[in-house]
Structures are given as C-alpha cells and as structure tokens.
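Just below is one structure, and these are the notes that go with it.
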Amino acid sequence: MVFELLAAAANAAPQNKFGFAEALEQGGFIAYATVTILGVMSFGSFFILFTKWFEQSKITKQYRDLRASFWKAPSLREGAAKLEKNSAWRQLVEDGLLAEDNHGKMTDSMEAHDWLHGSLSRSEAAINARLASGLPFLATVGATSPFIGLFGTVVGIYRALIAIGIAGSASIDKVAGPVGEALIMTALGLLVAVPAVIAYNYLQARNKRIAEYLSGFSTDVLANINSKGTIKPAVTVAKPAAPAAAPKK
C-alpha cells in the first residue's frame, strides 16, 4: 500500500519540461547544431591554451638555463651542442653559424653583417610564427561564438512568436520553452567567447616577452660571430646568500 501511494505521488508530481535537455529537444536540429559548434570551439580553445602555455613555458625555462651556461662555452658550436635538440635557441645559433659558413662561399661583395643579420632575422621570424600558431583560432572563436549563440537566440525567439501566433495568446507554457532555449544559446555563446579572448590576450603577451628574449639573444649571437668569439654578454651568476650572523650573547 505504501509503495502504491509513493508511486502515485511521483506520477502526480509536476515534471520539469523546461530544462537544458528539453530546450535542446524543442529546438531540434538547429539547437543541437549550435551547441555542437560551440562545444567544438570551446574544446579547441582550451586545447590551444594548454598546449601553447606548455610550449611557452618550456622555451622560457630553456632561456633561463641558457643565460647561466651557454656563454660559458669556448665557442658557439660547443655551446649549441649543449642545448636541447629542436629548441628555438639552438635553431638560432645553428642558423647563425650556417650563415657564417655560407657567406664564405658567396662571390659578391655583400657584407657579412648584413647577411648574418638577415639570416638570424629570418630564423627569429620563423620561431615567432610557430609560437603564434593557434592564436588566430582563439581570435576567431572570441569574435564569432557570440554571433553563433545569437543565431540560436534569434531562432528561439522566432519559435516563441510562432507558438504565440498559433495559440492566439502569450501564455507562459507556450513561450517558456523557446525563450529558455534562446537564453541558453546566448549564455553558451558568451561562455565560449570570454575564455577564448582571455586566452588569446594572455598567450599573446607571453609571446611578445619571448620575442624580446629571442631578439636579444639573436643580437648577442650576431655580435659574437662578427667579433670571432670576442664579444660575449656578461653572465650573471647568482651569489650565494650570506650566512646569518650569530646571535649576540
């Protein structure tokens, strides 16, 4: 008897017909397509954010290690051999050394400084372009996802107006579903756009800092090659902390 009463009470309880899944079901193909597109954009944005952050952090860490050890090597070739393979810093050094070797094979009177500077600039630009890959996707997501959500909003409002026209009255049960769907699409568009814009600006700022490091290191490599290894930047070595003074008795 008790179970029968509980079952009857459960059946008599009002069912929620205005949830997220219900709104998508009412929206049909357009609602599902809009949510799918926004979901792909969101996943791509976070994937690019984490992968580019890891890549930038790795390059920054290599630069800190390089400042402490690279210029202690007797020559650029020996210093480059100690750097990680396929690293941006090793690429700059190897491109500079290759440009120096190729300059001796040239038959015209082009100055070595101009040739080396151009070669290092090309190498530096290639590294910066590789670091900037993926950022256009973030910019595209940040610019377009609100409009994709707005498209879903417009469709939801249109369906609400159609329901009002068919029913002949603006009763809440006729318009709550389409209007709820419209608001959900607006919220999803903003939810995808805001993290993408923040990620773009954050990664762009870190890329500019790395570009400054690359430019400075490229200048040091150029000066070292042109001076035949004479000019080297000052290596800053952290001084050990002074021992604490013994307490006075």
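FYI, it's all coordinate maths here, none of it is from the lab. Fair warning: this is a prediction, and the values are worked out from it, not measured in the lab. We place every Cβ from the backbone using ideal geometry, glycine too, and count neighbours over all the protein chains shown.
Numbers at a glance
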| item | result |
| --- | --- |
| Inter-label distance for residue 129 and residue 68, nm, one decimal - labels placed 7 Å from Cα along Cα-to-Cβ | 3.4 nm |
| Restricting the stretch 182-216 to chymotrypsin sites (Phe, Trp or Tyr not before Pro) in coil, as DSSP defines it, with at most 12 other Cβ within 10 Å | none |
| Burial ranking of peptide ranges 43-56, 143-156 (average Cβ count within 10 Å, highest at the top) | 143-156, 43-56 |
| Length added when fully stretched, residue 212-residue 198, from 0.36 nm per residue minus Cα-Cα | 2.9 nm |
| Gain on full stretching of the segment that runs from residue 115 to residue 32 - 0.36 nm per residue minus C-alpha separation | 24.2 nm |
| Full-extension gain in nm, residue 61 to residue 81, via 0.36 nm per residue minus C-alpha separation | 5.4 nm |
| Whole-Hz couplings from phi, Karplus 6.51/-1.76/1.60, listed for the stretch 51-56; x for Gly and Pro | 5, 5, 4, 5, 5, 5 |
